[in-house]
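As structure tokens, the structure follows; a few thoughts come after it.
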Amino acid sequence: QKEVEQDPGPLSVPEGAIVSLNCTYSNSAFQYFMWYRQYSRKGPELLMYTYSSGNKEDGRFTAQVDKSSKYISLFIRDSQPSDSATYLCAMSRNDYKLSFGAGTTVTVRA
Amino acid sequence: GAVVSQHPSRVICKSGTSVKIECRSLDFQATTMFWYRQFPKQSLMLMATSNEGSKATYEQGVEKDKFLINHASLTLSTLTVTSAHPEDSSFYICSAPGNHEQYFGPGTRLTVT
């Protein structure tokens, strides 16, 4: 069993729709939870960073963490074609080593 | 935000040769850097932790004699792929930790022919 599970998709939505992404994990030692966006042949860029259970909102992005269920989510509201990318969840203990999900490829259709 | 650069951005080499990839933190010092590998349509897999002034630590299954890491200074880590084979063809990405986040380089695409 992988430490971090993420459905690779692909996921295709019309412009303006809400994109819903999620990951599950098995290691209860994970304390920090992140979502990265990666465009083709580029390095990942950090979108959201959370530490505790609950919701965190930043513009059109909302990250949710449920440590009791070992489940994290990312929601993108009012999606735009420029949001088309691969979204990776990542998590770490307190040692900066990141464990990544497989990544979900998202296409937002104009 | 902090910037991490990598050089080269892409490289093609012949099987059996060695290739060096550089990772630099441009506006901050990094005593630790991480090297990841990403195969097509797959996620990033941590290969090793580069430590300034000491030996790198490798993740399980990563050959330390094949992937040589040198953390020469507080702003530079290098990954050398020795005796490269076609199965080493991949996207190699480095990162350096900042305050609560990792700063990733743009990646180096290695193709071994």
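Observations on the structure shown:
- Our coupling estimate for the range B:40-46, obtained by passing each phi through the Karplus curve with A = 6.51, B = -1.76, C = 1.60 and θ = phi - 60°, is x, 6, 10, 7, 6, 10, 5 Hz, Gly and Pro reported as x.
- Paired Rg and Dmax values of the range B:73-113, which use every Cα atom, in angstrom: 12.8, 40
- Chain A - Rg over Rh from alpha carbon coordinates, Kirkwood radius: 0.95
- Among the listed pairs B:K14/B:K41; A:K70/B:K66; A:K42/B:K64, a Cα-Cα separation exceeding 32 Å is found for A:K70/B:K66.
- Here the dipole of the range B:10-52 is about 340 debye; that uses its Cα centre as origin and unit charges on the Cβ of Lys and Arg (positive) and Asp and Glu (negative).
- All lysines inside 24 Å of A:K67 as judged from Cα atoms, apart from same-chain residues fewer than 8 positions distant: A:K2, A:K56, A:K97
- For chain B, the equivalent ellipsoid derived from the Cα gyration tensor has semi-axes of 22, 15, 13 Å, listed largest first.
- About the Cα centre, charge dipole magnitude for the range B:14-113 (Lys/Arg +1, Asp/Glu -1 at Cβ), debye: 240
- If you take all other residues with their beta carbon under 11 Å from the beta carbon of A:G101, and give Lys and Arg +1 and Asp and Glu -1, the sum is -2.
- The ellipsoid that matches the Cα gyration tensor of the protein assembly as shown has semi-axes, each √(5λ) in whole angstrom, of 30, 20, 16, with the longest given first.
- Charge tally in the Cβ shell below 13 Å around B:M47, where Lys, Arg are +1 and Asp, Glu are -1, B:M47 excluded: +1
- Per-residue average of Cβ from other chains inside 10 Å of A:40-51: 4
- Cα centre as origin, Lys/Arg/Asp/Glu Cβ charges: chain A dipole, Debye: 200
Quick note: the coordinates plus some simple rules give every number you see, no bench work behind them. Nothing here was measured: the structure is a model prediction, and the numbers come from that model. Don't worry about glycine lacking a Cβ; one is built from the backbone with ideal geometry, like all the others, and counts go over all protein chains shown.
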